[in-house]
1. Label-point separation (nm) for residue 80 and residue 20, each offset 7 Å from Cα along Cα-to-Cβ?
2. How big is the charge dipole of the stretch 35-104 about its Cα centre, in debye rounded to the nearest 20, if each Lys and Arg gets +1 on its Cβ and each Asp and Glu gets -1 on its Cβ?
3. At 4 °C and 1.567 mPa s, grab the translational diffusion coefficient of the chain from Stokes-Einstein with a Kirkwood Rh over Cα pairs, rounded to a whole number in µm² per second.
4. Which whole-number value in Å³ per residue fits the convex hull of the alpha carbons of the stretch 39-81?
5. Starting from the Cα of residue 3, move 7 Å in the Cα-to-Cβ direction to define the label point; list residues of the stretch 36-53 whose amide nitrogen is under 18 Å from there.
6. Note down the relative contact order for the chain as a percent, whole number, built from C-alpha pairs under 8 angstrom at least six residues apart.
7. I need the peptides 39-47, 90-98 ranked by packing, meaning the mean over residues of other C-beta atoms within 10 angstrom, with the highest value on top.
8. In whole percent, what relative contact order does the stretch 1-76 give with Cα contacts below 8 Å and a gap of six or more residues?
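Only the coordinates and a few stated rules stand behind these numbers; no lab work does. Computed from a prediction, not measured in an experiment: that's the story for all the values here. FYI the Cβ positions are ideal-geometry reconstructions off the backbone, even for glycines, and counts take in every protein chain you see.
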Amino acid sequence: DAEPVYSGAAPVMVTPAQLTWADAPAVAPGARIAVIEGPLNKAVPFTFRLLLPANARIAPHVHPAFERVTVLSGTFHFAHGDTFDPARTQALGPGSVAVMPPGAPMFGFTREETVIQLHGVGPWGISYLNPADDPRKK
């Protein structure tokens with residue numbers, strides 16, 4: 001698990017080179033996570049980055065809390081809905097933002113390596129609508 005850079009004890013400034021990346025098997029094969037603020041399993045503010053490889057597919061899922069997504073690089077093809085349908089996604093390039101409320105089903109994919117930043121108030125988690133889609137079980 002990636003350790004948060006910021007613990008809430010004192011101000012911090014971090015460059016991208018200072019982030020610590022770890023595998024994010026709950027998201028997609030090859031996905032990586034860098035936790036900036038957390039921990040993700042507590043009812044505290046969280047901020048983290050996901051590096052999604054080219055051709056990543058994130059099946060329909062929900063989160064227990066608000067999730068705010070900002071695309072930092074690449075293009076994230078993202079949609080609200082409970083059935084994976086690439087034609088229904090919106091191509092979100094750098095600077096694009098999506099806000100998803102708790103329990104709202106969503107899905108997405110990439111065609112190129114893409115980095116997104118997520119923030120909200122935890123605990124953060126991911127539950128796939130179809131348990132067989134959970135990449136941790138494959």
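1. 3.7 nm
2. Working: 5 positive and 4 negative charges, 21 e Å.
Here the size comes out at about 100 debye.
3. Details: Rh = 15.1 Å.
Taking Rh from Cα pairs, D becomes 86 µm²/s.
4. On the way: hull volume 4.6 nm³, N = 43.
Taking the convex hull of the Cα positions in the stretch 39-81, it is 106 Å³ per residue.
5. Once the point is set 7 Å along Cα→Cβ of residue 3, 36-42, 47-49 turn out to lie under 18 Å by backbone N, inside the stretch 36-53.
6. Working: 359 pairs, mean separation 40.1, N = 138.
This gives 29 percent for the chain.
7. Numbers: 39-47: 15.6, 90-98: 13.3.
Highest mean packing first, the order is 39-47, 90-98.
8. Details: 96 pairs, mean separation 18.7, N = 76.
Contact order relative to length: 25 percent.
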